[in-house]
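Q: Below you'll find the structure I mean.
The values are calculated or read from the model by the stated rules, or taken from the named source; none is laboratory data. Note that the coordinates shown come from a computational prediction; the quantities given were computed from them, not determined experimentally. Here the Cβ positions follow ideal geometry from the backbone for every residue, glycine too, while neighbour counts run over all protein chains shown.
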Amino acid sequence: MQPESPSIPADISAAPVSAPAPAPAKLTEVSSLTLEGLTRFLTEDLGERAFRAGQLYRWIHQRGATSFDEMTDLSKALREKLKQRAEIVPLVKDAEQRSVDGTIKYRWKTRDGRFIESVYMPSEDRKTLCVSTQVGCAMACTFCMTGTLGLKRNLTPGEIVAQVHAVNREVRKLENLETLRPLSNLVFMGMGEPLHNFENLKTALSILQSEDGPNFSHRHITVSTVGLVPMIERFGQETDVKLAISLNASTDEQRSKTMPVNRKWNIAALLDACRKFPLRQGRRITFEYVLLQDFNDSDEDAYRLIELLKDIPAKVNLIPYNENPGLGFKTTMDERAERFRELLCEGHVAAFIRQNRGRDIAGACGQLANRGGEKASETPQNPELP
């Protein structure tokens, strides 16, 4: 039965007319602003003095404050003004898993109900965090669980940086530390392709390296890419942190089968971008090479890799594959991995077998997939590459 249509007044002019409700003002995400941007916001939009921006910035990015009420050296009037005009984008801890090797994987829930993961890897001489830059990933590498999600959306600079602040808080509590920044190293090798979210990544790096923020050294930050060739040049020109290339093959045939990005920019184009990459004195590009049994781990692969890298300041991280259910690849045996490493070293290519951390909690390379988090029915977004 159809519902009755509402009756129309006989005298339409007599019907009460109400003005549409004004749309709520969009809040400024201050946790995504550099100090310069925050200064403009406070002085131009809020009419405050410039030094207030430094106070606010240090509360967010040195102390990791998640609410304006924590900022006790700001006047109550300013705090109320900030609540009405600004926001600090939160990440809520949704899950935590601890590995037998000390690695901890955190799953964070964003404000719009999505999930990302970060992995904390402590060792004797450093405390490293693996940071995500996107929800999911558009690159669709066939050996990587994150690639099965597709891309849901980019993270904002504030959400990228919030992972660092949140894990700093977790580590301070876990180890009973007083230092505001126990983390020493950052690797952008989590969920997503960092250079596919370049502008937000660049802003996040600026915040993370700032003296009034966490003040990470460029020597202690590494960004990994599958090989978005046009963005590698911009990355070298506009940032000063270290570059890692996820290579994983010695021929275009191999790489195109496992990494669809190679069909757009092949190995020759990728390595040409690496040769042109501006390197600081003494620095090398790290090439990550996931060893897949009987696919890319033969002696011939090692010899080809030596030839490919012969004129590039390089080191190779060999990564025994972390097996993922349903993807069809097996990990290379230890003896074969060591043989591969020895051949590279004999060919004057510095090579190391990387210790896999957090494999038992699906926190190792290629295993981040929000198991139990992201809704499987959600349609991914896979926009055109640059």
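Q: Before we move on, is G113 more than 25 Å from S210 (Cα to Cα), touching a Pro at 6+ places or on another chain (Cβ under 8 Å) and either outside the structural domain of M191 (by TED's automatic domain parsing) or small (G, A, S) (or both)? I'd like the intermediate steps shown before the answer.
A: Working: more than 25 Å from S210 (Cα to Cα): yes; touching a Pro at 6+ places or on another chain (Cβ under 8 Å): no; either outside the structural domain of M191 (by TED's automatic domain parsing) or small (G, A, S) (or both): yes.
No.
Q: Taking the stated definitions as given, is Q293 assigned by TED's automatic domain parsing to the domain that holds M189, more than 24 Å from G192 (Cβ to Cβ), more than 22 Å from the chain's Cα centre (by Cα) and not hydrophobic (A, V, I, L, M, F, W, C)?
A: yes
Q: Report, ordered by the first and then the second residue, all pairs with beta carbons closer than 7 Å, sequence separation of six or more or different chains, a first member in segment 161-181 that is within 12 Å of K127 (Cα to Cα) and in the same structural domain as H220 (by TED's automatic domain parsing), and a second member that is surrounded by fewer than 23 Cβ atoms within 10 Å (Cβ to Cβ) and of a type in the set (G, A, S).
A: Sorted first by the residue in segment 161-181, then by its partner, the pairs are N168/G64.
Q: Oh, and also: Can you tell me which of A95, A86, A65 is modelled with pLDDT of 95 or more, over 19 Å from R172 (Cβ atoms) and either of a type in the set (A, V, I, L, M, F, W, C) or crowded, with 19+ Cβ neighbours inside 10 Å (or both)?
A: Unique residue meeting the criteria: A86.
Q: Tell me which strands (runs of 3 or more DSSP E) are completely within segment 170-280 and hold 1 or more residues being within 26 Å of I312 (Cα to Cα), touching an Asp or Glu at 6+ places or on another chain (Cβ under 8 Å) and of a type in the set (A, V, I, L, M), or say none if there are none.
A: Numbers: elements: 185-188, 221-225, 242-246.
Qualifying strands (runs of 3 or more DSSP E): 242-246.
Q: Right, another one. I want to confirm something. Restricting to segment 158-183 and keeping residues that are at pLDDT below 95 and of a type in the set (S, T, N, Q), which single residue is surrounded by the most Cβ atoms within 10 Å (Cβ to Cβ)?
A: Selected residue: T179.
Q: Another question, then. Which of the residues belonging to segment 46-98 are closer than 22 Å to P214 by Cα, among the charged types (D, E, K, R), out of contact with any Asp or Glu (no Cβ under 7 Å at 6 or more places or on another chain) and not in a helix (DSSP H, G or I)? Write out each step before concluding.
A: Step one: of segment 46-98, the residues closer than 22 Å to P214 by Cα are 50-74, 86-93.
If we keep only those that are among the charged types (D, E, K, R) as well, we get 52, 58, 63, 69-70, 73, 87, 93.
In the following step, the residues that additionally are out of contact with any Asp or Glu (no Cβ under 7 Å at 6 or more places or on another chain) were identified as 52, 63, 69-70, 73, 93.
Selection gives R63, D73, K93.
Q: (1) part of a loop (DSSP other than H, G, I, E, B); (2) under 21 Å from G227 (Cβ atoms): which one isn't true of D294, the others all being true?
A: It is condition (2) that D294 fails.
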